[in-house]
Amino acid sequence: MTVPVVEPENLNMLWASIIVEELVRNGIDYFCISPGSRSSPLTISVAKNKKARLMMCYDERGAAFHALGFARATHRPAVVITTSGTAVANCFPAVVEASMECVPMILLTADRPPELQDTKANQTIDQSHIFGRYVRYFFNLPCPETDISPRVPLTTVDQAVFRAVSQPEGPVHINCMFREPLSPEKRNIPERYTDSLKSWSKRNTSYTEYKIPTISISKAEAKEICQIMNIAENGLIIAGSIDIGKRDSVLKLINKAKWPVFSDIRSHLPCFFSKNIVPFFPLFLSATLPDVSFDVVLHIGGTLVSKHMMLLLEEKSPDHYIVVKEDPFRQDMNHISTVYVQTDIEKFCETALLYLNTKKSSSFDMLMKISSEIKDLLCPLLKKNELNEASLAYWISQIIPENSALFLSNSMPIRDMDMYSDFRSNIMIGANRGASGIDGIIATATGFAVGAERITTLVIGDLAFIHDLNSLFLLKKIDVPLILILINNNGGSIFSFLPISDFSELCEQYFVVPHNISSFRELISFFNIPYFYVSNRKEFINTYKQCVNSSGSAVIEVAVNREKNLSFHRFVQTKINKLVCSNKFP
């Protein structure tokens, strides 16, 4: 198949068009663009490329978070295109999150030419290495010139893509300087300038083909780890954040091991998947730390939402703490890891199964007994008609559609879902836990929905909602339904659970920061999005099912009393504390 070089109007358009075409040839065809003049050649080239998909975003921060969400769901980078100046700086929060969570992303930022740098030229800042250590690769692409080969942008794109998708995956940044003309006006290009592109133009593959290296563990190394596990008296498996596509391999390993499993909300391993997974473990650890110690802990995947798990391990450090994950970055806040394995998780599990022959953990039966008693305690409380944030999390997990997607905001929504959920369905879960900020949550969820290509539910608190209001525009642009569940508790309820809550006046005025908006109806109506207001369990279940069946995006505002919610949490924790203390671990 012959792919002709786009007939460019000028040199800027030529370089921009081959940059876009080379990204598409690398399988990267989703572009998130915000309006801007200096980036015109890139934007126009995306619009002209028939294989490119374009999402226009009103602001750069939203565009970058939308790209982040898309890559979370697809494990393929999206491209963010911005104009120059502070437009670039607005991408920083999403870049930080992508870097810390090893999510690939490609940023093409337009820039002024060198002669306008440091001259007070309009919309000109120093964009060189603006993202610092948070990008895997940076290149300052010079202004298009006839004495620079057009192969330069081609090989630069190929290197950037390679660095974005190789371990450790993450964001990469190409800073593209352009002189005028920025519009597609006709300017002559030397006749033989594009001769070096003839071979490339006759095929549909990238100019430089990179072979992505795989990181695997040897049989000898896997056997050595299994020998440590096989002699353990009281072993534990921790399932951190794990890609849903690699869950089945992890499931085979935990089913063969006779160890209890503490699975994080992002592990994609709810308790109904295996009899070894301990239900509600984050909840009883948040109530009280049990008098139990583990001699060997195998931690597969990323970090946990539950900080109480880390407190337990800090209090009673295991003899061996084995971490298995796919990137090289240290994950050891308690400084207790004894073995660190960077490898493909699937390959580790497949290899370890050959040598795994563990004993049943001495605490297994007691952990399961306590979890069963906690479930018996919770069910009558959660089934009351009055809603709080805990019962909302439980009911979402009960009625969310099979094979749908769920995106969780930070602060209390993800913690409540981690503690109180009891999933019956196989779903795909996403969250921004790299830096755990509340910025860009709506934008990220819209990108996650597009990438997942399935109906998506977003659970978000009111402050995070206010933080990203402008991204509600994206709900009208995406072609996948996003049901946004807005928890209105009149401020930041997480601070009610922190030590600052002991200083009530300071906490309320400077941390909780009540907005005193009883309903967001009028604000949401501005965006012309279907809106529903509910205040109890029956209303929520009926409304949510109605939204699912409508196959369109919607906002469901859930009214929650912050004080009653805190009282419920404390009541449950007191009950669990007594329950745990009445059981003695062997």
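None of the figures in this text is laboratory data; all of them are computed from the coordinates on show. As the structure is a prediction and not an experimental result, all values here were calculated from the model. Virtual Cβ from ideal backbone geometry, glycine too; neighbours counted across all protein chains shown.
Any of 369/545; 219/252; 219/360; 384/584; 359/575; 369/538 with alpha carbons more than 22 Å apart? Name them for me. Mind dumping the intermediate values first?
Details: 369/545 34 Å; 219/252 18 Å; 219/360 24 Å; 384/584 31 Å; 359/575 32 Å; 369/538 31 Å.
Where the Cα-Cα span goes over 22 Å, the pairs concerned are 369/545; 219/360; 384/584; 359/575; 369/538.
Among 456, 208, 574, which comes first, then next, by fewest other beta-carbon atoms within 10 Å? List each step's numbers first, then the result.
Details: 456 28, 208 16, 574 12.
Least crowded to most crowded, the residues run 574, 208, 456.
Given R₀ = 35 Å, FRET efficiency for residue 115-residue 56 by Cβ-Cβ distance, to 0.05? Write down the numbers at each step before the final one.
Working: r = 31 Å, r/R0 = 0.88.
Taking R0 as 35 Å, the efficiency between residue 115 and residue 56 is 0.70.
Sort 547, 57, 271, 32 so that the residue with the fewest other Cβ atoms within 10 Å of its own Cβ comes first and the one with the most comes last. Display every interim value, and only then the final one.
On the way: 547 22, 57 27, 271 19, 32 32.
Ordered by Cβ neighbours within 10 Å, fewest first: 271, 547, 57, 32.
Among DSSP beta bridges whose residues both lie in the range 389-560, state the antiparallel percentage, nearest 5.
Details: 0 of 24 bridges.
Restricted to the range 389-560, the bridges split so that about 0 percent are antiparallel.
Under 18 Å from a label point 7 Å along Cα→Cβ of residue 503: give me every residue in the range 453-492 with its amide N that close.
Correct set: 492.
When you count, for each residue, the other Cβ atoms within 10 Å and take the mean per peptide, how do 460-466, 384-390 rank with the highest first?
Values: 460-466: 22.0, 384-390: 19.4.
The densest-packed peptide leads the list: 460-466, 384-390.
Treat the count of other C-beta atoms within 10 Å as a stand-in for reagent exposure and order 425, 397, 551, 409 from fewest to most.
On the way: 425 15, 397 19, 551 9, 409 28.
So the residues, fewest neighbours to most, are 551, 425, 397, 409.
Starting with the highest mean, order 185-193, 77-85 by the number of other Cβ atoms within 10 Å, averaged over the residues of each peptide. Please list the in-between numbers first.
Details: 185-193: 10.8, 77-85: 26.6.
Ranked by mean Cβ neighbours within 10 Å, highest first: 77-85, 185-193.
Take the Cβ-Cβ distance between residue 528 and residue 218 as r, set R0 to 56 Å, and report the resulting FRET efficiency rounded to the nearest 0.05. Intermediate values should be presented prior to the final figure.
Details: r = 58 Å, r/R0 = 1.03.
Working from the Cβ atoms, E equals 0.45.
Just want to confirm a number: the relative contact order over the chain, from Cα pairs under 8 angstrom separated by 6+ residues, in percent. Mind showing how you got there, number by number?
On the way: 1230 pairs, mean separation 78.9, N = 586.
RCO, the chain: 13 percent.
May I ask for the distance between the Cα centers of the range 290-308 and the range 10-80, given as a whole number of Å?
Going from one Cα centre to the other spans 41 Å.
Can you give the FRET efficiency for residue 567 and residue 86, using 1/(1 + (r/R0)^6), R0 = 35 Å, r = Cβ-Cβ distance, to the nearest 0.05? Let's see the in-between values first.
Values: r = 45 Å, r/R0 = 1.27.
Taking R0 as 35 Å, the efficiency between residue 567 and residue 86 is 0.20.
When Lys and Arg each count +1 and Asp and Glu each count -1, what net charge do the other residues less than 12 Å away from residue 356, Cβ to Cβ, add up to?
Values: positive: 223, 252, 256, 258, 359; negative: 350.
Around residue 356, the surrounding residues sum to +4.
Explain nothing, just the number: relative contact order of the range 89-208, from Cα pairs under 8 Å at least 6 residues apart, as a whole percent. Before the final figure, lay out the partial values.
Values: 161 pairs, mean separation 43.0, N = 120.
Contact order relative to length: 36 percent.
Starting from the Cα gyration tensor of the range 219-364, take the square roots of the eigenvalues, sort them a ≥ b ≥ c, and report rounded, prolate or oblate (rounded when a/c is under 1.5, otherwise prolate if a/b is larger than b/c, else oblate).
On the way: a/c = 1.28, a/b = 1.22, b/c = 1.05.
Rounded is the answer for the range 219-364, as its axis ratio a/c remains below 1.5.
Only one of the listed values, [x] 85, 63, 44; [y] 94, 58, 47; [z] 98, 77, 55, was derived from the coordinates as Cα extents along the principal axes in Å; which label is it?
Computing Cα extents along the principal axes in Å and matching it to [x] 85, 63, 44; [y] 94, 58, 47; [z] 98, 77, 55 gives [x].
Mark the label point 7 Å from the Cα of residue 152 along Cα→Cβ and return the residues of the range 70-93 whose backbone N is within less than 20 Å of it.
84
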